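The values are calculated or read from the model by the stated rules, or taken from the named source; none is laboratory data. Since we're looking at a predicted model, the values are computed, not measured. Glycine also receives a Cβ, built like all others from the backbone with ideal geometry; neighbour counts cover every protein chain displayed.
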Amino acid sequence: MKHFYKAMIGLDLTEMDDILIKKTIVYLDFLGIEKCYFVHVAKDLAVPDEILRNHPELLAPGDESIEALIKNKLREFDFPASMDIEVSAEEGSHPLDTFLRWAKIKDVDLIIMGRKEELAGTGSLAKGVATKAPCSVLLLQEKRPPGLPKKIMIPSDFSDHTDLIYDFGERISKEMGAELVPVHLYEVPQGYSKTGKTFEEFSEIMKKNAQDDFNRFIQKFNHNGLTCRFILNDGEGQGKALLEEAKLIEADMILLGSRGRTKSAAILLGSVAEKVVLANNILPMLIFKKKGETMGFFEALFKV
């Protein structure tokens, strides 16, 4: 699939880098990646004492030492020699802003980040990138074995912008032979009891309304081969509810999209998608953003 030509991979000089490099290799051909930028961003590029003890050969300035360390890792894990790569270590007081600025400068189509489950780290940079990146983002989890997905879940709200996500999902589903499973989370509104109906009765009304929305959506955009699952959220968080459904259906990837109400908003995730990002550190997650729609907002962001 020739969709993402240039990818930027964020590294943090921990064991997670080893995992991320190995998993990235699995996706290179499928995603059509032709150039990789490996980037480490930190407030201070001084090489940690522990790394210097283990690698006494690193006597160059911090940025050069870190770049050499990353290049050694790529050779260690047999990163394809035919791939065009650039390695850089950047310093910035606000690592997220610095990382996103480099994504803009390099005009990348995809950012690949790791999500930790047991390794030390807050994951705040990956979460920030997922929310604000000017391009699509692939989050690869720590413990799941490398491999392409066979069942992809798409949380859906049936807005017109969701059509882009379905189109993209159908393409990768067809090329991988993977099953595509749309999922819609519906809720019973507060105050339903004033209608004189029980919670169960009103939940059926909400489900029927969601089914009608889905039917109109697939007819409008010609996605007739898909069947949606409708999940009642009866109190737990939206992100947690969708992640539980992903586990139940044995999905091995979640496909999300940015909200599409306006071009200026397309860079940011909707509230439900953001909650899924925050809740999920066990399943690979591809956040698809239509790159051209986000760049104007992204440029304005850095002029503020």
Is it the case that ALA120 is aliphatic (A, V, I, L, M), touching a residue at least 60 places away in the same chain (Cβ under 8 Å) and in a loop (DSSP other than H, G, I, E, B)? yes
Within the range 267-302, restricting to residues that are more than 17 Å from the chain's Cα centre (by Cα) and of a type in the set (Asp, Glu), the one that is modelled with the lowest pLDDT is GLU299
Tally up the residues in the range 104-121 that are within 17 Å of LEU283 (Cα to Cα) and either surrounded by fewer than 17 Cβ atoms within 10 Å (Cβ to Cβ) or not assigned by TED's automatic domain parsing to the domain that holds GLU34 (or both), please. 3
Can you say whether ARG101 is farther than 19 Å from ILE19 by Cα, assigned by TED's automatic domain parsing to the domain that holds LYS35 and either modelled with pLDDT of 95 or more or within 26 Å of the chain's Cα centre (by Cα) (or both), as far as the supplied structure shows? yes
Take the conditions aromatic (Phe, Trp, Tyr) and at pLDDT 90 or above and apply them to PHE217. Does it pass? yes
Considering only the range 197-235, state which residues are in contact with a helix residue (DSSP H, G or I) (Cβ under 6 Å, 6 or more places away or on another chain) and farther than 17 Å from GLU245 by Cβ. PHE202, PHE221, HIS223, ASN224
Which one is nearest to the chain's Cα centre (by Cα), of the residues in the range 52-98 that are among the hydroxyl-bearing types (Ser, Thr, Tyr) and either surrounded by fewer than 15 Cβ atoms within 10 Å (Cβ to Cβ) or at pLDDT 90 or above (or both)? THR98
Every residue from the range 1-14 that is farther than 19 Å from GLY147 by Cβ and surrounded by 15 or more Cβ atoms within 10 Å (Cβ to Cβ): HIS3, LYS6, MET8, GLY10, LEU11, ASP12, LEU13
Say whether the condition of being under 19 Å from ALA273 (Cβ atoms), in contact with a strand residue (DSSP E or B) (Cβ under 6 Å, 6 or more places away or on another chain) and surrounded by fewer than 20 Cβ atoms within 10 Å (Cβ to Cβ) is met by at least one residue in the range 154-166. no
